[in-house]
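What follows is a short report on a single structure.
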Amino acid sequence: MKTYSLLGILLYFFCAVSFISCDKDDSERSEDSTVYYVKYEAKGAMKYNIESVTVSTDKGSETITTSKQRSWTQTYGPVSKGFRASITAKGGWATVNIYVCKGDEPFALKKSKSNNVGNSNTSTSASYTIDY
């Protein structure tokens, strides 16, 4: 009789432990821990080269001299929600693009700007604040 009651208690305990679930799924992340990555792109028009590119990074502003390149691309991060991504390209009648990805998701174009006026030394700027 004691064996059956001990087995019953153990079976009850096993069933109770088996059906207990966590409050949150492990695959869910809290909004505070979500990271973002920013990809900047600058392209000169036709045969024109970009002279320099200035971007905002997680460590501050960074200027890259690109005097012999028609295009330039670089990814920065991780950054958090509220980060203000900005890019300025000098020369080449540039087109600048800002792409953002959230965690492991693919990059999405968030801002694009072209400059077709002035001379080839004119700067082109764009900015985007991460808010999703």
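Restricting the first residue to the stretch 48-67 and requiring it to be under 17 Å from N97 (Cβ atoms), which pairs with a second residue that is of a type in the set (D, E) meet a Cβ separation below 6 Å and a spacing of at least six or different chains? Pairs found: V55/E62. Within the stretch 41-71, restricting attention to residues that are outside any strand (DSSP E or B) and out of contact with any Ser or Thr (no Cβ under 9 Å at 6 or more places or on another chain), the residue that is surrounded by the most Cβ atoms within 10 Å (Cβ to Cβ) is R70. When the stretch 67-90 is limited to residues that are at pLDDT 95 or above and of a type in the set (S, T, N, Q), the one that is farthest from the chain's Cα centre (by Cα) turns out to be S71.
Inside the stretch 72-103, residues that are of a type outside the set (K, R) and loosely packed, with under 15 Cβ neighbours inside 10 Å make up a count of 6.
Answer with yes or no whether W93 is among the aromatic types (F, W, Y) and either touching a helix residue (DSSP H, G or I) at 6+ places or on another chain (Cβ under 6 Å) or at pLDDT 95 or above (or both). No, not satisfied.
Residues in the stretch 111-132 that are more than 21 Å from T63 (Cα to Cα), β-branched (V, I, T) and in contact (Cβ under 8 Å) with a residue 24 or more places away in the chain: I130 only.
From the residues in the stretch 110-132 that are outside any loop (DSSP other than H, G, I, E, B) and charged (D, E, K, R), which one is surrounded by the most Cβ atoms within 10 Å (Cβ to Cβ)?
Of everything passing the filter in the stretch 110-132, K110 is surrounded by the most Cβ atoms within 10 Å (Cβ to Cβ).
Filtering S27, S18 for residues that are at pLDDT below 80, out of contact with any Pro (no Cβ under 7 Å at 6 or more places or on another chain) and either part of a strand (DSSP E or B) or closer than 28 Å to D131 by Cβ (or both) leaves a single hit, S27.
The values are calculated or read from the model by the stated rules, or taken from the named source; none is laboratory data. Keep in mind it's a predicted model, so treat the numbers as computed, not measured. Positions of Cβ are backbone-derived with ideal geometry, glycine not excepted, and every protein chain shown enters the neighbour counts.
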